[in-house]
Each structure stands twice: as C-alpha cells, then as structure tokens.
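The values are calculated or read from the model by the stated rules, or taken from the named source; none is laboratory data. Because the structure is a prediction, the values reported are computed rather than measured. FYI the Cβ positions are ideal-geometry reconstructions off the backbone, even for glycines, and counts take in every protein chain you see. Areas reflect the complete protein model, heavy atoms only, side chains present, ligands, DNA and RNA absent. Shrake-Rupley method; radii C 1.70, N 1.55, O 1.52, S 1.80 Å.
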Amino acid sequence: MSLKQVTTPLTDEVVSDLRAGDRVLISGYIYAARDAAHKRLYELLQKGGELPFDIRGAVVYYVGPTPPKPGQVIGSAGPTTSGRMDSYTPALIRAGLKGMIGKGLRSQAVKDAMKEHGAVYFAAVGGAGALISKSIVESEVVAYEDLGTEAVRRLRVENFPVVVVNDRYGGDLYEEGRARYRLTDG
Amino acid sequence: MSNFSMAPGDEGGKGMREIDAARVTEAVARLCQEASMDLGEDAFAALERALEQEESPVGKDVIGQLIENARLARKEWVPMCQDTGVAVVLVDLGQDVHVVGGSLEEAINAGVRKGYQEGYLRKSVVGDPFERKNTGDNTPAVIHYRVVPGDSLKITVLPKGAGSENMSALKMLTPADGLEGVMDFVVEVVDEAGSNPCPPIIVGVGVGGTMEQAALLAKRALARPVGQPHPRPEIAGIEEKLLQRINRLGIGPQGLGGRVTALAVHMEVYPTHIACLPVAVNLQCHAARHKEAVL
C-alpha cells in the first residue's frame, strides 16, 4: 500500500496508476453533489442538456455539509453512503466523470462503467466530518442553491485523504479487506 | 357535568408537578447540540478499546482518525459528523407531571428547531417522503413517549444518521427459528450492511412484542451506554456471543477489513405472542450520539 498524491482534474494516466488499497491525497477542485443533485444532473444528461460544471476528468464528492459557523469555510463534511447514487452514476461516468469520493458499497453497474471508461472510487472516513473539513480550503455553491445542503458546491481541497476502494481494473478493497480478516467457523 | 368532573376549586393539579414547556424547549435545544458535538465518554472508551483490539493497520488508522475527529468536534464545538440526523426524542413522562405553558410536542419541536439552528447543525428532514422538500429546520422530531411513575420528565435525544439507519432491518421469525434464527438474522444484517453504516457500529436488537414494538426496542437499545451489558445475564450472554460472531465477519473499521466491525451489541426483549418471534436490528454508526436530561 502506497501513499500517492493526485491533482484534479484526473487524467486517464493518473486513473490508470491508482490501485485498490492505495492511500491518496487529493488536491485541486472537486464537486460536492449528493442525492437530489444527482437526480437533476442525470435528468439533464438524459435530455442532452449541458451540466453546470465540466464533468470531464472531474471528481465528485458525495457530501452534504453542515452549515459553516462564522469564520468557517465549510461545516463538517464527511462522506455519505455512495450506493444511493448508483443508479445515476454510470451516465455520469460515460459523460467523463473520473473520480468519486464517498463511503460504502457500489453496484456492479457502477464498477462495470468504471472499468469500461476508466474511473476510480475513493472512500473517505465516514463519520470524520470535523476532521475532513480541515482539508477543504474553499467552498462555493455552483448550482442548485435551492437544494440547501444538497446544492452542488465546488470545493478546493488540499491533501484530502482518501483510500482507493475500486480501481479501473476491478480491484475492490472492501472485498479484499473483508476476505483477509474474515474468520470462518471450523 | 358528569360525576367524574372535578369539584369547584380543585385545580386538577393536586399532587402534580408543573413543568413549563419553555424548559422542555431549552433542554431539547441543548441536548441536540451536545449530542452532535460532544461524543459521550462511553463511545470514546469503546473506540479506545477497539484501537487496542484492531489488528489491521488501516483499521487502526481509521479508529485513530475517529478518535481525533471526536476530540476536534468537542474542542471546536462543531458536529462530529455532517449527518446530524433526524432528532429521535425518547420521553419518559412521569405520571405526576403536568406540562404547562404549551403543548409538550410543540415544545420538543421548538427545541429541535432552536438547537439545529443555533448549533449550525444540518437540516436533514424532508416534509413528505414523496415530495421530498426540506422542512428547513429539521422538524418534526421522531418522538417516542412512555408514561412512567413519578414526577420527573426524562428526555433523551438521539440524532440518528441515515447511513446506519438505512441498513437496519426487521423480520418476523417463527418460534421454531428460535435463538439460532435470531442470531443468524442479526449477523446477516450486519454482513450485508458491510461498509455502508460506517463501522465500527453498535448493533441494537429488539426481540419480541409485535412488529412495531420490536423496532422500538431496537432503537431504545441504542440509548444504552455503549457496551453496557443487559442486566439479565442470559441476554448479556447472547449480546456477547453476537458480538463475537459479528467481529469474525472481517468487515472492520469503515469496511476496509479488520477485526472490529462492531463495538457492542445491545439487545432488548419483550413478551410476545405464542406464534411470534419478531426481530428488529437497528444499526448505529460509531458516532453513538445520545444525551439525556431529567427535568
């Protein structure tokens, strides 16, 4: 397991270099979007519309932060469960999405799309929202302000700590990790 | 006027202790914030134990970050997790208490509104499950009342996040399934949940009663201090056996593989029908938030 540093937007080369189990520090701009925003982005793509941000090479972070206290860039901002975005995700990957940050299991359809188009799924530590917010240095709502915490935000992150769960080669850290420590009765 | 009407001059409050609704609002507002920012010593201690038990280096790293995160949240008075939940409020209302100056339910919701606003907590409640429009103030709370002897009012606030709530499950087993069936179901729910509920988790289990009673028992089990065994030794023994089985699954902290998938199993039981064996499993992430006040 190695520690890698990547900068967004992600290129095909960078995605190809990442393997399940790698610890990664992400810097650059990433986009916060969760349930309601995904529904809108997906419907927009279905209609052939233009997305509110350039999705080519983009990294999306599944997060709905708490409101910032005065003086804070953003409130607590840990990952939400990624699986709820699964039905919308293959379309976004086909449109050029290269990275996703969340927590929890992905569907086979998402993993297949990642393999076919070259994308990577990172996990951040669920529940460590206060700590994670320290690596977010800018936050700006760029679309769907009416969604409140679910609005699309452009976040500038510095050394945002994640681990690669699913790589473009079919590697799956959740499966590998569980298999390594699972004790079978006998 | 019926024969049961009160005599003139009888206030109806004889022997009743009056509690102002405004006090309820203040208490709930404070508890919402404290629960979100200040992880209890019980949960801290459980995480410290987990750090010692965990063998996986990544798992240890994750638990270390969770402890650091909880300390930071307490120090900077910010929510430990962005999912500050739906406010589940458990009310033990003494039968000799008379709430004055407003409705108890409205007082609780006013407290949630105030606590979530003033604490910069996330408003995560949608007003209608189909329309899905945010209510903007995290109300209404989910409130469970219990009338108990005495003249005090106990309020417990459990902000419940969706990551773990969504992986919870209920099954109506048959008596023939027995204890083995119950244990198999609990382990199966945790295994299928995998990384989703933010392990290491606390597993609340409700067995018996009827469908809704089992679910409520499971929720109430989560209000117990983390790792405190059930007072009945035979139930405590089941909790311990379940914990061992769950921690053999290998899911580990954040599902990245490891020995500590659960910090504790809390089980509550209730008498049931001759034909029934309801089992509810309510999962709780490591941010085992619950604060209580007695008025």
**Asked** If you check every pair at least six apart or on different chains, which have Cβ atoms under 6 Å apart with a residue in region A:133-154 that is without any contact (Cβ under 8 Å) to a residue 40 or more places away in the chain first and a residue that is open to solvent by 50 Å² or more (accessible area, probe 1.4 Å) and charged (D, E, K, R) second?
**Response** A:Ser135/A:Glu158; A:Glu140/A:Arg154
**Message:** Taking the condition of being out of contact with any Phe, Trp or Tyr (no Cβ under 8 Å at 6 or more places or on another chain) and either open to solvent by less than 10 Å² (accessible area, probe 1.4 Å) or among the polar types (S, T, N, Q) (or both), how many residues in region B:199-217 meet it?
**Reply:** 8
**Item:** Any strands (runs of 3 or more DSSP E) falling wholly within region B:123-189 and containing at least 2 residues that are under 24 Å from A:Val63 (Cβ atoms)
**Value:** B:153-160
**Request:** Could you tell me whether A:Ser76 is hydroxyl-bearing (Ser, Thr, Tyr), touching a residue at least 12 places away in the same chain (Cβ under 8 Å) and open to solvent by less than 30 Å² (accessible area, probe 1.4 Å)?
**Result:** yes
**Message:** I'd like to check which strands (runs of 3 or more DSSP E) are fully inside region A:78-186 and have at least 3 residues that are modelled with pLDDT under 95.
**Reply:** none
**Message:** Can you list residue pairs whose Cβ atoms sit under 9 Å apart, with the first residue in region A:94-122 being open to solvent by less than 10 Å² (accessible area, probe 1.4 Å) and the second being among the aromatic types (Phe, Trp, Tyr) and in a helix (DSSP H, G or I)? Count only pairs 6 or more apart in sequence or on different chains.
**Reply:** A:Gly104/A:Tyr174
**Request:** Might you check whether a residue that is open to solvent by 60 Å² or more (accessible area, probe 1.4 Å), within 22 Å of the chain's Cα centre (by Cα) and either of a type in the set (D, E, K, R) or modelled with pLDDT of 95 or more (or both) occurs anywhere in region B:250-271?
**Result:** yes
**Request:** Quickly run through region A:83-106 and pick out the residues that are within 14 Å of another protein chain (Cβ to nearest Cβ) and out of contact with any Ser or Thr (no Cβ under 8 Å at 6 or more places or on another chain).
**Result:** A:Arg84, A:Met85, A:Ile101
**Request:** Go through region B:40-75 and count every residue that is surrounded by 17 or more Cβ atoms within 10 Å (Cβ to Cβ), facing another protein chain (nearest Cβ under 10 Å) and not in a helix (DSSP H, G or I).
**Result:** 2
**Complete:** Considering residues that are of a type in the set (A, V, I, L, M, F, W, C) and either open to solvent by 20 Å² or more (accessible area, probe 1.4 Å) or within 10 Å of the chain's Cα centre (by Cα) (or both), the number found within region B:218-235 is 4
